[in-house]
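The values are calculated or read from the model by the stated rules, or taken from the named source; none is laboratory data. All figures in this text were calculated on a predicted structure; none of them were measured in a lab. Positions of Cβ are generated from backbone atoms using ideal geometry, with glycine treated the same way; all protein chains shown enter the neighbour counts. Each accessible area value is taken on the protein alone, full model and side chains, heavy atoms only, with ligands, DNA and RNA left out. Shrake-Rupley method; radii C 1.70, N 1.55, O 1.52, S 1.80 Å.
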Amino acid sequence: MANVYGYHRTSTTDQHLDRGITAINDYCKANNITLTEMFTDQQTGKNFNRPDYQAMKRIAKNKGDIIILSELDRLGRNKEDTLKELQHYKSLGVRVMIIEIPTTLIDYSKMDNSMATMIMETINNMLVEMYATFAHAEMQKREKRQKEGIQAKKERGDWQDYGRPKAIDYSIFEKEYSKVVSGELKPFECMRKLGMTKPTFYRYKKQYEYKSSI
């Protein structure tokens, strides 16, 4: 008897898994499918090193087994790797059904017309590749926006949002560095007085100069 596995992923723990799980359960209920087990991960879709996904992959290997996803990008966002995973299951005879792509919900093995089957499979492959391309492009856009945001913060000296703790309170630095600006202290004297490393000192200096310019 074939096993049916549901899989859903979110990128972070801040995102809720409920929507995808509900979509899979509702689809199974509407089509009289008994779900054997649901697997979920809350990790990036850039790669497949996810505990629940790997656990599912170890057992979803018998011909006739089915994996149900709500959307293709829940499987993965890297196009090349995602297509490789889909090919892996296809080679084992495991069906991957993606609710957002209706052509993946058709069991082509039950079609009588070989020409119609070939045409539908071709259309299905094209749609899957197209959705994989969209998911990959979205990942690249998100990474680009993140890099641009981080770079902007670096230029302003705002590093606290990225897990780099401030060596000292900025107001203390501001008070002492104003003495450097006025000529009361030399930069190395200010650095030594505050107990700061050179990179940290100049990071704070950049922030001071940025705030002074606005």
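Listing for the model above:
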quantity: Under-5 Å amide H pairs with Ile68, H placed in peptide plane, nonlocal only; calculated: Tyr5, Gly6, Tyr7, Met97
quantity: Top of Leu86, Leu185, Leu127 by mean-square fluctuation, Gaussian network on the chain, Cα under 10 Å; calculated: Leu185
quantity: Coil-residue trypsin sites (Lys or Arg not before Pro) of the stretch 46-121, DSSP, other Cβ within 10 Å capped at 15; calculated: Lys46, Lys61, Lys63
quantity: MRE, 222 nm, helices only [DSSP H, n ≥ 4, -39500 (n - 2.57), over the chain, to nearest 500]; calculated: -18000 deg cm²/dmol
quantity: Karplus-derived HN-Hα couplings along the stretch 53-69 (A = 6.51, B = -1.76, C = 1.60, θ = phi - 60°), whole Hz, x at Gly and Pro; calculated: 4, 5, 5, 5, 4, 5, 9, 8, 9, 9, 4, x, 4, 10, 10, 10, 10
quantity: Against the rule of thumb 2.2 N^0.38 Å, how large the Cα Rg of the stretch 37-102 comes out; calculated: 1.03
quantity: Gain upon complete extension [Leu194, Asn25; 0.36 nm per residue less C-alpha separation]; calculated: 54.9 nm
quantity: Unit Cα scatterers, Debye sum, the chain: log10 I(q)/I(0) for q = 0.09, 0.12, 0.15 Å⁻¹; calculated: -0.55, -0.71, -0.93
quantity: Of Lys46/Lys205; Lys57/Lys147; Lys46/Lys110; Lys57/Lys110, those spanning more than 27 Å from alpha-carbon to alpha-carbon; calculated: Lys46/Lys205; Lys57/Lys147; Lys46/Lys110
quantity: Estimated dipole of the chain in Debye, rounded to 20 [Cβ of Lys and Arg +1, of Asp and Glu -1, Cα centre]; calculated: 1160
quantity: Gaussian network model of the chain, Cα within-10 Å springs - most flexible of Thr36, Thr22, Thr200; calculated: Thr200
quantity: Top of Gly195, Gly45, Gly76 by mean-square fluctuation, Gaussian network on the chain, Cα under 10 Å; calculated: Gly195
quantity: Above-threshold pairs, the threshold being 27 Å between Cα atoms, out of Lys186/Lys211; Lys144/Lys198; Lys141/Lys198; calculated: Lys144/Lys198; Lys141/Lys198
quantity: Val128 accessible area, 1.4 Å probe, all protein chains in place, Å² to nearest 10; calculated: 20
quantity: Dipole-positive endmost among Tyr89, Asn31, Gly183 within the chain (Cβ charges, Cα centre); calculated: Gly183
